[in-house]
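The values are calculated or read from the model by the stated rules, or taken from the named source; none is laboratory data. This is a predicted model, so every value here is computed, not measured. Cβ sites come from the backbone with ideal geometry, for glycine too, and all protein chains shown count toward neighbours. In case anyone asks, the SASA skips ligands and DNA or RNA and just uses the protein heavy atoms, side chains included. Shrake-Rupley method; radii C 1.70, N 1.55, O 1.52, S 1.80 Å.
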Amino acid sequence: MLWNDTLLHDLVREKLGDARLVVVSNRQPYSHVFSGAEVRCERPASGMVSALDPVLRACRGLWVAHGSGSADRVAVDQHDRVTVPPDNPQYTLKRVWLTKEEEAGYYYGFANEALWPLCHVVFARPRFLLSDWDAYVRVNAKFATAILREIQHDPAVVWIQDYHFALLPRMLKEARPDLLVAQFWHIPWPNPEAFRICPWKKDLLWGMLANDVLGFHIRYHCDNFLATVDRELEIRVDRERSSVFHHDGIETLVRPFPISTDFEGISLQVTEKEVQHEARRFQERYALHGHRVCLGVDRIDYTKGILERLRAVDRLLTKYPQYRRQLIFLQAGPESRIHIERYQTLNEEITRLIAEINWRHGDGDWRPIILLRENLSLPRVLALYTLADVGVISSLHDGMNLVAKEYVAAHQDGEGVLVLSRFTGAARELQQALLINPYDTEAFADTLAQALAMDPVERRARMAGLRETVANNNIYRWAGKVLSTLFALRSNVAPQGALGIQLHEHP
Ligand code: G6P
């Protein structure tokens with residue numbers, strides 16, 4: 001049976017009873033920003049957000065996140081809440097405010113200069129500053145206070161997202177041991193050798209082990225986490241059960257839940273007028289007619305392998321000159337985390353490399369690479385997917401990579417070839433993609449040529465296989481699996497009915 005929003009909604013309502021469902025993340029699903037004197041509502045570029053928004057729409061819970069938009073304070077009520085999406089409100093967003101110092105230390109500092117490179121292992125050195133760590137602890141506590149205030153004495157299930165909140169599970173459980181708490185870690189977990197350099201490794205692990213359920217995208221990251229706990233803490237790790245036993249008999253289940261996308265929603269949305277209109281506008285603006293189009297969509301981040309991708313396009317045009325004047329490579333993606341030096345340098349490197357490649361191969365009015373730096377709305381991103389003969393994902397390391405699955409979902413015409421880095425979680429599922437090692441420029445360029453020259457029968461067969469995989473493992477199934485695992489646990493560790501949860505088997 002295929003999972004959908006109604007099934008997920010029914011599961012959550014049946015199992016939750018009167019309990020509250022609270023989702024917590026750093027990045028908010030909608031942000032309000034000033035555009036001149038007007039207030040505009042934007043959807044931030046984040047794989048985590050694009051995955052969780054349809055889930056919250058289906059479950060109608062409360063989402064707690066950092067209010068980072070310039071006009072966010074204008075949009076909320078006296079409890080810092082706003083209902084979203086703005087045009088069709090379906091759930092409540094509660095904003096938590098951070099000072100500039102907190103944001104600098106917790107978000108730019110510990111989360112993105114220590115944990116992000118530490119977990120991704122892409123030869124970017126993590127930076128561990130005591131002041132960043134202090135801010136990380138303080139902000140985790142600030143979110144704990146906001147959540148506890150929101151739920152008051154109600155029974156609740158709290159579902160925490162990502163590496164910004166490794167300490168939050170323990171803070172919540174210490175205040176309210178009856179809460180059911182799960183965390184999904186959206187980025188990879190490194191091997192114990194890589195992780196052991198972190199000065200606060202034990203605090204992070206103890207924080208995360210307060211979860212009832214801890215999820216990663218793939219089994220490999222679960223195994224890395226269990227091996228790390230085994231090495232760093234005196235606590236019983238049960239590899240067979242894939243769990244960790246605490247001295248008081250409590251258990252943390254560590255499970256793989258490969259995240260996905262709203263396959264059906266995207267397949268439908270691409271047939272709507274708005275997306276088709278945007279596609280025509282892109283075609284006209286960039287004179288795409290008569291060209292083969294390759295596409296990359298990423299936040300500008302050093303883990304995404306954007307420079308490696310550009311080098312492969314450069315090599316392709318040198319080695320396969322038949323694609324000169326033929327090929328347009330669109331690279332879409334907003335700047336990200338720009339207060340971090342490594343990200344500023346990357347932006348400059350990308351601009352320089354594109355200028356060089358366009359100069360080397362450009363001819364008359366044709367330039368092979370076009371960079372779209374702005375944050376694109378979902379209909380515009382979907383329009384780009386539909387226009388692309390080849391979707392290219394070349395992450396150096398990525399927990400999952402949802403762009404790969406969105407590209408597949410958007411190709412309801414059955415066309416399109418996916419070129420995908422082996423170092424993404426998605427590569428484990430999307431077997432009919434052409435898999436590449438982004439560090440191997442020569443083979444990467446050859447694979448791009450193979451994608452462009454692929455026989456239509458093979459192309460459609462591959463896309464059909466990819467679409468079947470993503471359709472069967474959509475975002476509602478992912479959320480359903482995480483939440484069912486959490487709900488099922490309650491019968492083992494707490495008196496029946498403590499959360500008003502009745503236990504029935506669910507698909
Ligand atoms: C990754 C993380 C998300 C994050 C996203 C965008 O997907 O797992 O938590 O939201 O990157 O990054 P940002 O720092 O802009 O939120």
Handout entry: Hits in segment 457-499 - residues which are open to solvent by 10 Å² or more (accessible area, probe 1.4 Å) and modelled with pLDDT under 95
Key = Ala488, Leu489, Arg490, Ser491, Asn492, Val493, Ala494, Pro495, Gln496, Gly497, Ala498
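One residue is enough: does segment 338-345 have a residue meeting the conditions in contact (Cβ under 8 Å) with a residue 24 or more places away in the chain and within 17 Å of the chain's Cα centre (by Cα)? Spell out the reasoning first.
To start, the set of residues in segment 338-345 that are in contact (Cβ under 8 Å) with a residue 24 or more places away in the chain comprises 339-340, 342-343.
Filter once more, keeping what is within 17 Å of the chain's Cα centre (by Cα): none.
No, every residue in segment 338-345 fails to be in contact (Cβ under 8 Å) with a residue 24 or more places away in the chain and within 17 Å of the chain's Cα centre (by Cα).
If we scan segment 177-185, do we find a residue that is more than 29 Å from His153 (Cα to Cα), within 16 Å of the ligand (Cβ to nearest atom), under 18 Å from the mean Cα position of the chain (by Cα) and not hydrophobic (A, V, I, L, M, F, W, C)?
No - not one qualifying residue is present in segment 177-185.
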Completion exercise
Being open to solvent by 10 Å² or more (accessible area, probe 1.4 Å), more than 16 Å from the ligand (Cβ to nearest atom) and free of Cβ contacts under 8 Å to residues at least 24 places away in the same chain narrows Phe128, Phe123 down to just Phe123
Handout entry: Sole exception among (1) within 16 Å of the ligand (Cβ to nearest atom); (2) open to solvent by less than 20 Å² (accessible area, probe 1.4 Å); (3) in contact with a Lys or Arg (Cβ under 9 Å, 6 or more places away or on another chain) for Ser242, by number
Key = (1)
Exercise for the section: Could you tell me which of the residues Gln322, Gln344, Gln326 is open to solvent by 10 Å² or more (accessible area, probe 1.4 Å), within 16 Å of the ligand (Cβ to nearest atom) and of a type in the set (S, T, N, Q)? Expected result: Gln344
Practice task
Kindly indicate whether any position in segment 301-314 is open to solvent by less than 10 Å² (accessible area, probe 1.4 Å) and over 19 Å from Glu349 (Cβ atoms).
Solution key: no
Exercise for the section: Evaluate segment 138-156: report whether one residue or more is assigned to a strand (DSSP E or B), within 16 Å of the ligand (Cβ to nearest atom) and either touching a residue at least 40 places away in the same chain (Cβ under 8 Å) or surrounded by fewer than 20 Cβ atoms within 10 Å (Cβ to Cβ) (or both). Expected result: no
Practice task
Select from segment 92-114 the residues that are touching a residue at least 60 places away in the same chain (Cβ under 8 Å) and more than 10 Å from the ligand (Cβ to nearest atom) and write down the one among them that is farthest from Ile197 (Cα to Cα).
Solution key: Leu93
Handout entry: Meets criteria (among the hydrophobic types (A, V, I, L, M, F, W, C) and assigned to a strand (DSSP E or B)) for Ile350
Key = no
Completion exercise
Selection from segment 157-181 of residues part of a helix (DSSP H, G or I), touching a residue at least 60 places away in the same chain (Cβ under 8 Å) and closer than 19 Å to Leu486 by Cβ yields Phe165, Leu168
Practice task
Restrict the check to segment 350-362 and report whether at least one residue is crowded, with 18+ Cβ neighbours inside 10 Å and in contact with a Phe, Trp or Tyr (Cβ under 7 Å, 6 or more places away or on another chain).
Solution key: no
Problem - Only listed residue being under 30 Å from Leu214 (Cα atoms) and more than 16 Å from the ligand (Cβ to nearest atom), chosen from Phe257, Phe282, Phe263 - result: Phe263
Practice task
Would you point out the residue of segment 50-60, among those that are modelled with pLDDT under 95 and within 12 Å of the ligand (Cβ to nearest atom), that is least open to solvent (accessible area, probe 1.4 Å)?
Solution key: Ala51
Problem - Failed item, numbered, when Arg43 is tested on (1) at pLDDT below 95; (2) within 16 Å of the ligand (Cβ to nearest atom); (3) over 24 Å from Val381 (Cβ atoms) - result: (3)
Problem - Sole exception among (1) over 25 Å from the mean Cα position of the chain (by Cα); (2) within 16 Å of the ligand (Cβ to nearest atom) for Met208, by number - result: (1)
Problem - Total residues in segment 193-239, condition of a type in the set (Phe, Trp, Tyr) and either without any contact (Cβ under 8 Å) to a residue 24 or more places away in the chain or open to solvent by less than 10 Å² (accessible area, probe 1.4 Å) (or both) - result: 4
